[in-house]
1. Can you spot a residue in segment 12-25 that is farther than 22 Å from Ile134 by Cα, among the polar types (S, T, N, Q) and part of a loop (DSSP other than H, G, I, E, B)?
2. Could you list, in sequence order, the residues of segment 176-211 that are touching a residue at least 60 places away in the same chain (Cβ under 8 Å) and either of a type in the set (Val, Ile, Thr) or not assigned by TED's automatic domain parsing to the domain that holds Asn260 (or both)?
3. When you go through (1) in a helix (DSSP H, G or I); (2) buried (at least 20 other Cβ atoms within 10 Å of the Cβ); (3) touching a residue at least 40 places away in the same chain (Cβ under 8 Å) one by one for Val32, which number turns out not to apply?
4. Report yes if Asp161 is modelled with pLDDT under 95 and either in contact with a Pro (Cβ under 7 Å, 6 or more places away or on another chain) or farther than 17 Å from Ala266 by Cβ (or both), otherwise no.
5. Considering only residues that are closer than 22 Å to Glu229 by Cβ and not in a helix (DSSP H, G or I), look in segment 53-68 and name the one that is nearest to the chain's Cα centre (by Cα).
6. Among (1) without any contact (Cβ under 8 Å) to a residue 24 or more places away in the chain; (2) in the same structural domain as Tyr215 (by TED's automatic domain parsing); (3) surrounded by fewer than 16 Cβ atoms within 10 Å (Cβ to Cβ), which single condition is Gly69 missing?
7. Could you go through segment 37-52 and let me know if any residue there is touching a residue at least 60 places away in the same chain (Cβ under 8 Å), out of contact with any Pro (no Cβ under 9 Å at 6 or more places or on another chain) and outside any helix (DSSP H, G or I).
8. Within 22 Å of Phe102 (Cβ to Cβ) and at pLDDT 90 or above, is that true of Leu18?
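The values are calculated or read from the model by the stated rules, or taken from the named source; none is laboratory data. The model shown is predicted, which means the values in this text are computed figures rather than measured ones. Positions of Cβ are backbone-derived with ideal geometry, glycine not excepted, and every protein chain shown enters the neighbour counts.
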Amino acid sequence: MSAPNSPTLRRRRLNARLYALRKERGLSCEQVAKELGCSASRVSRMETGKRGVRPGDVLELLRVYGVTGPEAEELVQLARTARLRGWWHPYDDILTAAMRTFVGLETDATTIGNYEVSFVPGLLQTEAYARELIRAGRPTLDSETIERKTNARMERKQVLDRKHPPTLWAVIDEAILHRQVGGAGVMREQLLYLLEAGERPNVNLQVIPFAEGAYDPMGSGFHFFEFAEEDPAVVYIENLGGGVYLDDPKDVARVGDSLNYLRGAALSDRQSAELITKVVKAL
């Protein structure tokens, strides 16, 4: 079992394994808590990720579950590395908890599916476009915070440049091409960048044209993260109230079906590039 690149997936893997061990032993949170001399809610929070899990916590739980040897050593090491800081740590003060989890999942994903209806996907944004989006979304932010948020978004893009990058399936609504974020100059640069990014072997960019009319799930953007080995896929949906993560297999499968539908409804990569080129010439 190889170690994930980010502490986010390490924590999720550890939480899931601790939950599975308890269930395999037929124990309730209350029974485990009694053995540890703590509350049942503490045990539950360690399994759900609502509480950090220290190596010492893992050792106590493994004693109750009767786990020893290499498996125990592996889980304790996983707990140690799960407490390490990700590349985004310097931005912790400007990133919400949901976004810190998001970039961690993005860092470890082998495949990223992203559908957007209002703006260019974050991994495909230019610096100027990202800055204008951030400024428009939070008009009260000071210039320093705007620049730091912009820098954080630009650092996210490095995931596509690493030696073994994830495959990105980006599907966008045609409206994104026509909404002039930052004016014609910024949009021209952004659209040209989309054309360039679409040439990458690990990037698939498709546009759903206006001619498609109404479609499902029009107006509801999402991210679909898939990982290597045993880690299950995760869906992230952003709204005005923050971010929502879905990991129930049924919910994830439903969103996966939506992504496949959107890819079928969208123009092909080549046709999408032709449409983007047409919009660029009209600017």
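1. no
2. Ile176, Val181, Val186, Val203, Val207
3. (3)
4. Yes: the conditions hold for Asp161.
5. Here the answer is Val53.
6. The single condition Gly69 does not satisfy is (2).
7. no
8. No: the conditions fail for Leu18.
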